[in-house]
Amino acid sequence: MADYKIAPSILSADFARLGEEVDNVLAAGADIVHFDVMDNHYVPNLTIGPMVCKALRQYGIEAPIDVHLMVKPVDRMIGDFIEAGATYITFHPEASEHIDRSLQMIRDGGCKAGLVFNPATPLHYLDHVMDRLDMILLMSVNPGFGGQKFIPSTLDKLRRVRERIDASGFDIRLEVDGGVGIDNIAEIAAAGADTFVAGSAIFNTDDYRSAIDAMRAELAK
Ligand code: DX5
Ligand code: ZN
């Protein structure tokens, strides 16, 4: 079985009790903390920035933090999130003037680097940077909000990216974000994903462990 990772998106957590929420979801079996950064410019919503990432580290969170930058421009935030203790930093290629440089900044800062593709963003952005990637994130909704419905054409895109990763020989995680839940995680995994962001499907329940266990049971089928 592939090395599957579950990455709850804290966008759907209770921000007034964020440290406790992250502790609880990790205790419930989550592998990675997915951290959505929105700037009311690249996407029509405004969330949290590097200070909150740093605060989670200071609070004692040791799990990998997967920072999904939905911001434009991206480079300044890369530096700030390296300082703030990010593990992964991913960004949308169309939001960076110099994709190669942004990727290089992330790795130079000791973090893992990734590119994010919106549902209609073409995959040609991968052409010259496969050796610089630790993660490819396919959005299965348009970014900006939690709780949206999974866009089915993502499955075909996942299959195409899985082929490219396997052909490249590089160790690159394939993450999917948006509308992932117990009912569709198995078919998303079958299409090639190994890392699953889920916000509302976990945080909008009153038992995080049951939600995560149910996802793992689907993945084990
Ligand atoms: C959307 C964010 C997602 C979002 C997923 O722009 O990138 O991470 O929180 O939420 P759900 O799982 O509810 O679709
Ligand atoms: Zn996200």
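Read-outs throughout are calculated quantities, based only on the coordinates presented, and are distinct from any laboratory measurement. All values derive from a computational prediction rather than experimental measurement. In this analysis, Cβ positions are derived from the backbone assuming ideal geometry, glycine residues included, and neighbour counts consider all displayed protein chains.
At-a-glance table
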item: Pairwise label distance in nanometres, residue 52 with residue 98, each label 7 Å out on the Cα-Cβ vector; result: 3.0
item: Likely footprinting exposure, 41, 68, fewest C-beta neighbours within 10 Å first; result: 41, 68
item: Along the chain, longest interval not containing exposed GluC sites (Glu not before Pro), exposed being DSSP loop plus at most 14 other Cβ atoms within 10 Å; result: 98-221
item: Backbone HN-Hα couplings from phi across region 98-111 [Karplus 6.51/-1.76/1.60, Hz, Gly and Pro as x]; result: 9, 4, 4, 5, 4, 4, 5, 4, 5, 5, 4, x, x, 9
item: Under the Karplus curve 6.51 cos²θ - 1.76 cosθ + 1.60, θ = phi - 60°, whole-Hz ³J(HN,Hα) for region 27-39, x wherever Gly or Pro sits; result: 5, 7, x, 5, 9, 9, 9, 8, 10, 8, 10, 10, 10
item: Share of alpha-carbon pairs per 5 Å distance bin for region 117-158, given as whole %; result: 5, 21, 28, 22, 14, 8, 2
item: Residue-span extension gain [residue 72 to residue 190] - 0.36 nm each, minus C-alpha spacing; result: 39.2 nm
item: Amide H partners (placed H, <5 Å) of residue 112, local residues excluded; result: 88, 89
item: Region 38-104, Rg to Rh (Cα coordinates; Rh as Kirkwood inverse mean 1/r); result: 0.97
item: For residue 95, net neighbour charge (Lys/Arg +1, Asp/Glu -1) across residues whose Cβ lies under 15 Å away; result: -3
item: Label-point gap, in nm, between residue 148 and residue 120 - each point 7 angstrom along Cα→Cβ; result: 1.1
item: Summed residue charge, Cβ within 9 Å of residue 107's Cβ, Lys/Arg positive, Asp/Glu negative; result: 0
item: ³J(HN,Hα), Karplus 6.51/-1.76/1.60, whole Hz, each residue of region 12-21, x for Gly, Pro; result: 9, 7, 7, 5, 5, 10, 4, x, 5, 4
item: Spacing of the two label points (7 Å from each Cα toward its C-beta) at residue 130 and residue 16, in nm; result: 5.0
item: GNM result for the chain, Cα springs below 10 Å: residue of 152, 64, 73 fluctuating most strongly; result: 152
item: Expected-Rg normalisation [2.2 N^0.38 Å, Cα atoms] applied to the chain; result: 0.93
item: Residue 198 long-range amide H proximity, modeled H, under 5 Å; result: 7, 9
item: Highest-MSF residue in the chain out of 59, 88, 125 [GNM, Cα springs under 10 Å]; result: 59
item: Neighbour-count ranking [beta-carbon atoms within 10 angstrom, fewest first] of 26, 46, 11; result: 46, 26, 11
item: Most fluctuating residue given options 22, 180, 43, as computed from a GNM of the chain linking Cα atoms under 10 Å; result: 43
